[in-house]
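Student: Please find one structure pasted underneath; my questions will follow.
The values are calculated or read from the model by the stated rules, or taken from the named source; none is laboratory data. Keep in mind the model is a prediction, meaning the values are calculated, not measured. Neighbour counts are summed over all protein chains in view; Cβ atoms, including those assigned to glycine, are modelled from backbone coordinates with ideal geometry. Surface accessibility is based on the protein's heavy atoms, side chains included, excluding ligands, DNA and RNA. Shrake-Rupley method; radii C 1.70, N 1.55, O 1.52, S 1.80 Å.
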Amino acid sequence: MATVTAQLSDEYLNLIDGQWVAAQSDEWITVESPRDRNEIARVPRGGEADVDAAVSAAAHAFPMWRDTAPRSRGRILQQIADALEPHAERIARIISLENGNALRTQSRGEVAFAVDVFRYFGSLSGETKGETIPLKATALDYSRREPLGVVGAITPWNAPVQLAVMKIASAIAAGNTVVLKAAQDAPLAVLEIAKIANEHLPHGVLNVVVGFGAEAGEALIAHPNVQKLSFTGSTGVGSRVMSVASDRILPVSLELGGKNPQIVYPDADEDWVAEGTITGMRFVRQGQSCTAGSRLFVHRSILDSFVEKLKKHLAKLKVGDPLDEDSDIGAIVNKKQFEQVCSYIEEGINRESTTVAIGGQPPTEGPLSEGYYVEPTVIVGVENDWRIAQEEIFGPVMCVIPWDDEDEVIRMANDTHYGLSAFIWTHDVGKALRAAHSIEAGWIQVNQGGGQVLGQSYGGYKRSGIGREFSLEGMIESFTQRKHVSIDITH
Ligand code: NAD
């Protein structure tokens, strides 16, 4: 592998009350780079005592932050965006190093998005408005939108900066304080961003604790002084978060998993569609995306020719060192995830009726065998009720399922407990809209396969989650509560 060019700090610590501190236990977690399996840093193994200190700091800072003029809060977020921008390339390289996402196709865009998120929510901080009702001449009846208090935020590793910053910026813009439990597999870039944010925010407004889910994560979701839980991660853990929150009637936002359908109609047997479905599948993020369109329903009449187009375009993508400018696709995040993806591939290719159009088991020798690299894999002839078509693989594995009848394909698309996103490919607008309205998912794209749009509420149906955070409405819904004030002005 090429020489490491990301600049890592010597020491990564938790951020509590504006100070950088080790875990109280003085235990550490080693962060390994999936590009070559080398250890690149150590981070504190935060636990209950660290979470408790972070929550206390956030609770202490809350009244001051709540009462800071909203537009002053917004100005601080804008300052963070400006301060972050010159560090964008350095931080993008750290993301590639720690989670294996390719620098050119993924990490640079992720940090640019994060800058935008601070600017966007910074501009919205004054928009948490209430309403007045004209009841009668002698009454003043109005509502206020007030922040909730300490927000416990928990994020995964797959887009670590984007997902952390979404929660941080929208929660603090609305006047809350935050304790973020960053993902233990990719905490470094998040800590780098916290370092910059901490130079602008009052102490205690943002606290970051790194640790395992079963330790720091559990301590945060059960902490009595947390007033809101905002979780992004798997459906299994999301369900656990919700059940712990139910004891205290705590509001939760959950952004969870997906097994998202893409439907290719017979009139869409075209190269741009094949390229679009590749984007929708998030192959350039190794398929490690909750919105990946991993179930590709192709009309039987165009199956062979469409799969040929897919192969042609996928063959152009280069898997390799995430820090290499030539790489389109990087590495799977860790050994556990790598082995799990391989086992799903094994299961898919061992079925009698399937064929592997491209990809398959990863190389066992050569440079790619030094890290957790998996070629984009397309398995044709899958049935919708198989495990590989129902479970979230979270890897570069696309299942191709043929269809004949429109009602049947919509039924199959909906035959999943997930409901996050879907993609429809056809020139027939009527068909596209009928399908868009029939599919049970929170986000439908027609003839495009892009990523989330800042400003548009985003989130899941069914077991893909509840709550929305990507917009002004999402910020208000997720990070404020409504208070009704009634005044008799006769006296
Ligand atoms: P995960 O659920 O294993 O972990 C997510 C976070 O939760 C991590 O920080 C982890 O340490 C923490 N955690 C684990 N157990 C916990 C517990 N008992 N209590 C509290 N916290 C705990 O998920 P992952 O493997 O890191 O991420 C992949 C998953 O995230 C996929 O299912 C993916 O679809 C989902 N995801 C969803 C979205 C979305 O917007 N809907 C975005 C990205 C990822």
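Student: Give me, ordered by chain and number, the residues 5 or more places off ILE424 or on other chains with an amide H under 5 Å from its own placed amide H.
Tutor: For ILE424, the qualifying residues are ILE263, GLN445, VAL446, ASN447, GLN448.
Student: Which whole-number percentage describes the relative contact order of region 152-256, with Cα contacts under 8 Å and a sequence gap of 6 or more?
Tutor: 28
Student: Considering only protein heavy atoms, what is the solvent-accessible area of LEU472 at a probe of 1.4 Å, reported in Å² to the nearest 10?
Tutor: Accessible area, nearest 10 Å²: 40 Å².
Student: Another question about this same structure. Could I have the simple spin-label model distance between TYR142 and ASP404, label points 7 Å from Cα toward Cβ, reported in nm to one decimal?
Tutor: In this crude spin-label approximation the distance works out to 6.5 nm.
Student: Shifting gears a bit: Whole Å is fine, so just give me how far the alpha carbon centre of region 207-236 lies from that of region 82-110.
Tutor: Rounded to whole Å, the Cα centres lie 25 Å apart.
Student: In percent, how large is the relative contact order of the chain, given Cα pairs closer than 8 Å and 6 or more residues apart?
Tutor: Relative contact order of the chain: 19 percent.
Student: To continue, here is another question. For the Cα atoms of the chain, what angle does the longest principal axis make with the long axis of helix 429-438, in degrees from 0 to 90, nearest 10?
Tutor: The angle comes out near 60 degrees.
Student: Under 16 Å from a point 7 Å along the Cα-to-Cβ line of GLN24: which residues of region 217-232 have their amide N that close?
Tutor: Under 16 Å, as judged by backbone N against the label point of GLN24, lie 217-226 of region 217-232.
Student: Under 15 Å from a point 7 Å along the Cα-to-Cβ line of ARG37: which residues of region 357-379 have their amide N that close?
Tutor: Of the residues in region 357-379, 362-374 have backbone N under 15 Å from the label point off ARG37.
Student: Give the long-range amide H neighbours of ARG45: residues separated by 5 or more places, or on another chain, with amide H under 5 Å away, using H modelled in the peptide plane at 1.01 Å from N.
Tutor: Distant-sequence amide H within range of ARG45: ALA23, GLU27, TRP28, ILE29.
Student: Sticking with this one: Could you compute how much accessible surface MET412 exposes when probed at 1.4 Å, giving the result in Å² to the nearest 10?
Tutor: For MET412, solvent-accessible area is about 20 Å².
Student: In the chain, if the dipole is taken from +1 on Lys/Arg beta carbons and -1 on Asp/Glu beta carbons about the Cα centre, which of SER246, SER471, ALA61 is farthest to the positive end?
Tutor: In the chain, that residue is ALA61.
Student: If one computes P(r) from the Cα atoms of the chain, what percent of pairs lie at distances over 35 Å?
Tutor: Everything past 35 Å amounts to 34 percent.
Student: Hey, another quick one. With +1 assigned to the C-beta of every Lys and Arg and -1 to the C-beta of every Asp and Glu, and no other charges, what is the dipole magnitude of region 261-446 about the Cα centre in debye, to the nearest 20?
Tutor: Approximately 280 debye in magnitude.
Student: With a 1.4 Å probe and every protein chain left in place, work out the accessible area per residue of the chain in Å², rounded to a whole number.
Tutor: 39
Student: Output ³J(HN,Hα) for region 342-358: one whole-Hz value per residue in order, computed from phi by the Karplus curve 6.51 cos²θ - 1.76 cosθ + 1.60 with θ = phi - 60°, and x for Gly and Pro.
Tutor: Each residue's phi maps through the Karplus curve to give 4, 6, 5, 4, 4, 4, x, 7, 7, 6, 5, 8, 9, 10, 9, 6, 7 Hz.
Student: FRET efficiency for THR355 and LYS431, Cβ-Cβ distance as r, R0 = 22 Å, nearest 0.05?
Tutor: So, using R0 = 22 Å, E works out to roughly 0.20.
Student: Once the Cβ-Cβ distance between LYS129 and ASN225 is put in as r, and R0 is 30 Å, what FRET efficiency do you end up with, to the nearest 0.05?
Tutor: About 0.60, to the nearest 0.05.
Student: Would you kindly derive the ³J(HN,Hα) couplings of region 244-250 from the backbone phi angles with the Karplus curve 6.51 cos²θ - 1.76 cosθ + 1.60 (θ = phi - 60°), listing them in order in whole Hz, with x for Gly and Pro?
Tutor: Once rounded to whole Hz, the list reads 5, 5, 5, 4, 9, 6, 8.
Student: What nm value, rounded to one decimal, do you get for the distance between ASP271 and HIS491 when each label is placed 7 Å out toward the C-beta?
Tutor: 8.0
Student: Further, regarding this structure: With the crude spin-label approximation of a point 7 Å out along Cα→Cβ, what separation in nm comes out for ASP326 versus GLU391?
Tutor: Output for this residue pair reads 3.6 nm.
Student: Mind ranking 425-434, 88-97, 195-204 by how tightly packed they are, going by the mean number of other C-beta atoms within 10 angstrom, highest first?
Tutor: Top of the packing list down: 88-97, 195-204, 425-434.
Student: Gap in Å between the Cα centre of region 10-28 and the Cα centre of region 50-66?
Tutor: 16
Student: On full extension of the chain, what length is gained from ASP116 through GLN481, given 0.36 nm per residue of separation minus the C-alpha to C-alpha distance?
Tutor: Stretched out fully, the ASP116 to GLN481 stretch lengthens by 128.8 nm.
Student: Per-residue HN-Hα couplings for region 67-80, Karplus 6.51 cos²θ - 1.76 cosθ + 1.60 at θ = phi - 60°, whole Hz, x for Gly and Pro?
Tutor: With coefficients 6.51, -1.76 and 1.60, one gets 8, 6, 3, x, 6, 5, 4, x, 4, 5, 4, 5, 5, 4 Hz.
Student: So, one more: Any idea of SER234's accessible area? Nearest 10 Å², probe 1.4 Å.
Tutor: Its accessible surface works out to 60 Å², give or take rounding.
Student: Which net charge results when you count Lys and Arg as +1 and Asp and Glu as -1 among the other residues whose beta-carbon is under 14 Å from that of GLU218?
Tutor: Every neighbour counted, the sum reads -2.
Student: Also, I was wondering about something else. Can you give me the long-range amide H partners of SER253? Hydrogens built in the peptide plane at 1.01 Å from N, cutoff under 5 Å, separation of 5 or more residues or another chain.
Tutor: Amide H neighbours of SER253, under 5 Å, 5+ apart: LEU229, SER230, PHE231.
Student: In deg cm²/dmol and to the nearest 500, what is the mean residue ellipticity at 222 nm of the chain if only DSSP H runs of at least 4 residues count, each as -39500 (n - 2.57), divided by the residue total?
Tutor: Estimated from H runs of four or more residues: -11000 deg cm²/dmol.
Student: Sticking with this one: Please give me, ordered by residue number, the trypsin sites (Lys or Arg not before Pro) of region 235-337 that lie in loop per DSSP and have at most 15 other Cβ atoms within 10 Å.
Tutor: Passing sites in region 235-337 are ARG248, LYS316, LYS318.
Student: Report the net charge of residues surrounding PRO70, where surrounding means a beta-carbon distance below 15 angstrom and charges are Lys +1, Arg +1, Asp -1, Glu -1.
Tutor: Charge balance near PRO70 sits at +4.
Student: Could you work out how far the C-alpha centroid of region 442-491 sits from that of region 253-331, in angstrom?
Tutor: 29
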